[in-house]
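Below is one structure, written out as structure tokens; the observations come after it.
The values are calculated or read from the model by the stated rules, or taken from the named source; none is laboratory data. None of these values were measured; they are calculated from a predicted model. Cβ placement follows ideal geometry from the backbone for every residue including glycine, while neighbour counts extend to all protein chains displayed. Note: accessible area is taken over every heavy atom of the protein model, side chains too, but ligands, DNA and RNA are not part of it. Shrake-Rupley method; radii C 1.70, N 1.55, O 1.52, S 1.80 Å.
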Amino acid sequence: MSAFEIVPVRAFSDNYIWTLRDSTRAAVVDPGDARPVIEYLDRQKLELVAILNTHHHADHVGGNAALLARWRVPVFGPHDPRIPDVTQRVGNGDRITLPHFGTEFEVMEIPGHTKTHIAFHGAGALFCGDTLFAVGCGRLFEGTPKQMHESLERLARVPDPTRVYCGHEYTLSNIRFAKAVEPANATLLALEARAAKQREQDLPTLPTDVGQEKATNPFLRVREPQVIASASRYAGKSLNDPVSVLAAIREWKNSF
Ligand SMILES: [Zn+2]
């Protein structure tokens, strides 16, 4: 297995196309736009060896076709015909090995944002698309609160130091909402100071890690008394199960 680093290629206003690379090759996760990827690979003199897709949204797969026109590489993605470019469809527990790098990833099915959303977990990294964000979670376009809760619980069970590579730079606005839910969370306040400084310098706040998310992300903290109390206040009734708490704060955040 060759050593690699993981760098963000920016796309659209706030997408990150995470790029695993060594000195000669690269693999990309969720290339919503081919242009910035091609610019980066050409500038760095890298050949593409694989594409990974977490879900079917255009801002995650829109660049597949143009990249494939230039590099004939495998595309690993979910069992979902809405991503026609996928060459290797994968589901829960499947393992993939990245060409050239030899790195192995385990596939996790994490429905909620979409019904066929998957994550790739391996080499101390988690690529989770639009399901888990730093201090937030994706909107429930196709799934239920119960599905999202179960998906987030599964992601939270990977080891705490695992670096989490999310699809968007949403951290500061997510923190603003999380503070409304948990105003006295000291870890959250410290993170806000750090993230604000990074954004001032136009640096990504990602990756985050699983341990930090468990300490700051209200959608992973639906069993905490303060989160339950805030969700209950928003809902106007006493909520006593994690799925109802998640449903309430997800709805609250949509209008925050
Ligand atoms: Zn999405």
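So for the range 39-47 (the condition being open to solvent by less than 10 Å² (accessible area, probe 1.4 Å) and touching a His at 6+ places or on another chain (Cβ under 8 Å)), does at least one residue qualify? Within the range 39-47, none of the residues are open to solvent by less than 10 Å² (accessible area, probe 1.4 Å) and touching a His at 6+ places or on another chain (Cβ under 8 Å).
Within the range 65-89, the set of residues being more than 15 Å from the ligand (Cβ to nearest atom) and under 21 Å from Phe141 (Cβ atoms) comprises His79, Pro81, Pro84, Asp85, Val86, Arg89.
I need every pair where a residue in the range 135-163 that is closer than 25 Å to Ala196 by Cβ has its Cβ under 6 Å from the Cβ of a residue that is of a type in the set (Gly, Ala, Ser) and part of a helix (DSSP H, G or I), sequence separation at least 6 or different chains. Matching pairs, first to second residue: Val135/Ala178; Asp160/Gly211. Within the range 117-158, restricting attention to residues that are open to solvent by less than 20 Å² (accessible area, probe 1.4 Å) and in a loop (DSSP other than H, G, I, E, B), the residue that is farthest from the ligand (Cβ to nearest atom) is Val158.
Pro74 meets the stated requirement of being touching a Ser or Thr at 6+ places or on another chain (Cβ under 8 Å) and touching a residue at least 12 places away in the same chain (Cβ under 8 Å).
Restricting the first residue to the range 92-114 and requiring it to be acidic (Asp, Glu), which pairs with a second residue that is assigned to a strand (DSSP E or B) and within 16 Å of the ligand (Cβ to nearest atom) meet a Cβ separation below 8 Å and a spacing of at least six or different chains? Within 8 Å, the pairs are Glu106/Phe120; Glu109/Ile118. Quick check on Ala27: is it farther than 24 Å from Thr208 by Cα and either free of Cβ contacts under 8 Å to residues at least 24 places away in the same chain or away from the ligand (no atom under 16 Å from the Cβ) (or both)? So Ala27 does not fit the description; no.
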